[in-house]
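A.B. asks: Before I ask anything, here is the structure I am working with.
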């Protein structure tokens with residue numbers, strides 16, 4: 001099958017993107033990031049939209065910054081770039097390990113961290129990692145920018161706190177991996193390597209100066225709220 005007819009838009013900036021979302025707010029409009037989930041759904045006509053706003057020509061959404069104890073990743077940063085980032089491997093090694101479990105390299109070349117998080121598939125690795133790491137989500141709309149904790153961003157499967165006229169612009173992750181007092185692990189089971197997980201678990205453990213457990217988090221997926229802070 002082929003996708004239902006739609007009007008394609010390719011903005012060059014966040015400002016232009018938001019103007020398009022406001023202009024077509026009364027219509028069925030959808031933001032396209034990597035497209036690894038959206039395009040197959042549209043091709044099967046499981047989803048159809050009047051307008052498609054492609055973020056791939058917005059360069060300001062592609063970056064990795066490690067500063068002030070916080071790792072900031074632009075929403076359009078590809079999974080392949082994340083997998084090869086030394087900054088992420090040092091500051092948030094759980095993200096690096098989770099990325100290696102996503103699909104295959106062809107998918108990671110196009111898939112983006114923002115697209116995966118905004119899609120909010122409960123079987124995906126990045127939502128589970130964001131919850132485990134207490135990530136903050138930078139959301140931008142015509143009324144400004146707000147930060148939303150990962151625990152509040154995911155409402156349910158395929159549903160997030162994003163409003164129709166907002167986009168996810170970045171993910172902020174505490175750079176806890178550099179302290180030497182934090183450990184991370186991820187394990188998952190799938191039918192084949194690269195498939196969505198049948199079951200997976202991510203955990204993070206932090207120690208205080210006396211090397212006592214200060215924080216622990218275990219997140220099970222597919223799900224969003226099976227984790228329990230201790």
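The values are calculated or read from the model by the stated rules, or taken from the named source; none is laboratory data. Worth saying up front: this structure is predicted, and the values here are computed from it rather than measured. Reconstructed Cβ throughout: ideal geometry from the backbone, glycine too, with neighbour counts over all protein chains shown.
A.B. asks: Please go through the range 52-83 and pick out each residue that is more than 19 Å from residue 138 (Cβ to Cβ), more than 17 Å from the chain's Cα centre (by Cα) and surrounded by fewer than 18 Cβ atoms within 10 Å (Cβ to Cβ).
C.D. replies: 57
A.B. asks: Additional query: Considering every residue within the range 146-163, establish whether at least one is in contact with a helix residue (DSSP H, G or I) (Cβ under 6 Å, 6 or more places away or on another chain), within 18 Å of residue 216 (Cα to Cα), part of a strand (DSSP E or B) and at pLDDT 95 or above.
C.D. replies: no
A.B. asks: What number of residues within the range 51-84 are in a loop (DSSP other than H, G, I, E, B) and at pLDDT 95 or above?
C.D. replies: Summing the residues that are in a loop (DSSP other than H, G, I, E, B) and at pLDDT 95 or above in the range 51-84 gives 10.
A.B. asks: Restricting to the range 181-201, count the residues that are part of a loop (DSSP other than H, G, I, E, B) and under 11 Å from residue 220 (Cβ atoms).
C.D. replies: The number of residues fulfilling the criteria is 1.
A.B. asks: Residues that are part of a helix (DSSP H, G or I), out of contact with any strand residue (DSSP E or B) (no Cβ under 8 Å at 6 or more places or on another chain), under 23 Å from residue 152 (Cα atoms) and touching a residue at least 12 places away in the same chain (Cβ under 8 Å): does the range 104-111 have at least one?
C.D. replies: The answer is no; no qualifying residue exists.
A.B. asks: Here is a further query. When the residues of the range 112-144 are filtered to those that are in contact with a strand residue (DSSP E or B) (Cβ under 6 Å, 6 or more places away or on another chain) and assigned to a strand (DSSP E or B), which remaining residue is nearest to residue 218 (Cα to Cα)?
C.D. replies: 136
A.B. asks: Scanning for something over 18 Å from residue 128 (Cα atoms) and under 14 Å from the mean Cα position of the chain (by Cα), does the range 37-49 turn up at least one residue?
C.D. replies: Scanning the range 37-49 turns up no residue that is over 18 Å from residue 128 (Cα atoms) and under 14 Å from the mean Cα position of the chain (by Cα).
A.B. asks: Restricting to the range 85-98, name every residue that is surrounded by fewer than 24 Cβ atoms within 10 Å (Cβ to Cβ) and either without any contact (Cβ under 8 Å) to a residue 12 or more places away in the chain or not in a loop (DSSP other than H, G, I, E, B) (or both).
C.D. replies: Across the range 85-98, the qualifying residues are 86, 87, 89, 90, 91, 93, 96, 97.
A.B. asks: Can I ask one more? Could you check how many residues of the range 24-42 are surrounded by 13 or more Cβ atoms within 10 Å (Cβ to Cβ) and in a helix (DSSP H, G or I)?
C.D. replies: Of the residues in the range 24-42, 4 are surrounded by 13 or more Cβ atoms within 10 Å (Cβ to Cβ) and in a helix (DSSP H, G or I).
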